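Contents: one structure, followed by commentary.
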Amino acid sequence: MFDILIIGGGASGVSCAQILGSAYKKAFVADKKIGIVLHQKGSMLQDAVFYNAFGVPSGTLGSDLLSQASEVLRNHYPHVEQIENEKVVRIKPLEVGFEIETNKGIYKSLEIVVAVNSSNSFHIEGLMDYVEPHKKSIASKNRIQLKNIDHLVVPGIYVAGTLAGHRSQLSIAAGSGAAVATDILTAWNNGIETHSHDSIRK
Ligand SMILES: Cc1cc2nc3c(=O)[nH]c(=O)nc-3n(C[C@H](O)[C@H](O)[C@H](O)COP(=O)(O)OP(=O)(O)OC[C@H]3O[C@@H](n4cnc5c(N)ncnc54)[C@H](O)[C@@H]3O)c2cc1C
């Protein structure tokens with residue numbers, strides 16, 4: 001059983017995994033099992049090139065960011081379990097937590113983060129009741145979002161990135177995933193606000 005399973009290996013999902021992974025030294029994170037379904041074929045990053053994303057070297061290809069994601073997570077946060085090349089097809093609530101079915105297997109997690117983008121091809125059984133038209137995209141694009149309040153869909157289900165209703169910019173999507181991660185860390189810390197910083201200060 002995972003404590004948290006992130007679904008989607010694009011900008012918001014990987015950002016969420018990095019922040020959660022980086023908090024491993026905190027006592028309240030030590031026993032937490034974190035995973036990410038690192039599906040990347042459908043990422044908006046695939047055809048993008050970045051000149052306007054803070055911290056990203058000019059001219060970086062989105063496809064390079066995607067291919068680096070797995071390595072970055074493995075090198076720095078090997079305790080974050082990566083489930084590669086699987087696509088989630090169904091979420092089923094259990095008495096405690098959720099069952100997450102992919103095209104290849106079944107996983108269990110206490111909570112999930114859905115970070116699969118605002119494409120209207122979205123189809124994850126068990127989540128379709130939460131789908132609504134994207135509120136910040138133009139109607140002709142037919143984008144969708146999941147109903148949420150500050151990224152929370154219902155207890156135990158978070159949504160991040162463009163699927164949370166944010167506009168499509170890398171920094172916003174990554175920030176949204178980071179925001180969800182710090183909400184989860186705060187919940188794990190008994191509701192006491194927390195975040196995860198590395199520092200060169202002594
Ligand atoms: C051509 C193009 C150019 C762009 N240029 C810029 C730019 O110059 N500057 C800028 O700031 N932004 C740019 N963007 C926007 C930026 O790429 C997106 O805003 C950002 O990637 C959105 O992040 P996300 O996490 O919401 O979705 P994504 O990055 O798309 O990630 C969603 C992930 O979920 C996975 N997934 C989908 N379905 C499932 C499933 N059922 N199970 C598991 N995983 C699943 C996908 O494979 C994907 O990896 C561009 C986008 C495009 C398309």
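The values are calculated or read from the model by the stated rules, or taken from the named source; none is laboratory data. Just so it is clear, the structure is predicted and the values come from calculations on it, not from any experiment. FYI the Cβ positions are ideal-geometry reconstructions off the backbone, even for glycines, and counts take in every protein chain you see. Side chains are part of the model used for accessible areas, which takes the heavy atoms of the whole protein and leaves out ligands, DNA and RNA. Shrake-Rupley method; radii C 1.70, N 1.55, O 1.52, S 1.80 Å.
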Exercise for review: Compute the distance in nm between two label points, each set 7 Å from the Cα along the Cα-to-Cβ direction, one at ALA187 and one at ARG90.
Suggested key: 2.4 nm
Study note, to complete from the structure: Computed for the chain: size of charge dipole around the Cα centre, +1 on C-beta of each Lys and Arg, -1 on C-beta of each Asp and Glu, debye to nearest 20, value 340 debye
Review point. What residue among MET1, ALA139, VAL154 has its Cα farthest toward the positive end of the dipole of the chain, where the charges are +1 on Lys, Arg and -1 on Asp, Glu, each on the Cβ?
Key: ALA139
Study note, to complete from the structure: One finds, for LYS147 and TYR51 with R0 = 45 angstrom and r their Cβ-Cβ distance, a FRET efficiency to the nearest 0.05 of 0.85
**Study point:** Cα shape, the chain, gyration tensor, a/c 1.5 rule
**Key:** rounded
Practice item. Can you tell me the order of 37-43, 109-115 when each peptide is scored by its average per-residue count of other Cβ atoms within 10 angstrom, highest first? Key: 109-115, 37-43
Practice item. Among ILE36, GLY126, ALA53, pick out the residue whose Cα is farthest towards the positive end of the charge dipole of the chain, where Lys and Arg carry +1 and Asp and Glu carry -1 on C-beta, about the Cα centre. Key: ALA53
Check your understanding: What relative contact order, as a whole-number percentage, does the chain give when Cα pairs under 8 Å and 6 or more residues apart are counted?
Key -> 25 percent
Practice item. Just list whichever of LYS108/LYS141; LYS33/LYS141; LYS41/LYS136; LYS32/LYS87; LYS32/LYS147 have alpha carbons separated by over 29 Å in the model shown. Key: LYS108/LYS141; LYS33/LYS141
Check your understanding: Between ASP31 and SER58, what is the label-to-label distance in nm when each label sits 7 Å out along the Cα-to-Cβ direction?
Key -> 5.1 nm
Study note, to complete from the structure: Amide H proximity to THR60 below 5 Å, modelled H, separation 5+ or other chain, gives PHE50
Practice item. Roll a 1.4 Å probe over the protein chains and send me the accessible area per residue for the chain in Å². Key: 54 Å²
Practice item. Give the carbon-plus-sulfur fraction of the accessible surface of the chain in %, rounded to a whole number; probe 1.4 Å, heavy atoms of protein chains only. Key: 51 percent
Point to revise | 222 nm mean residue ellipticity, helices alone, for the chain (DSSP H n ≥ 4; -39,500 (n - 2.57); rounded to 500) | key: -7500 deg cm²/dmol
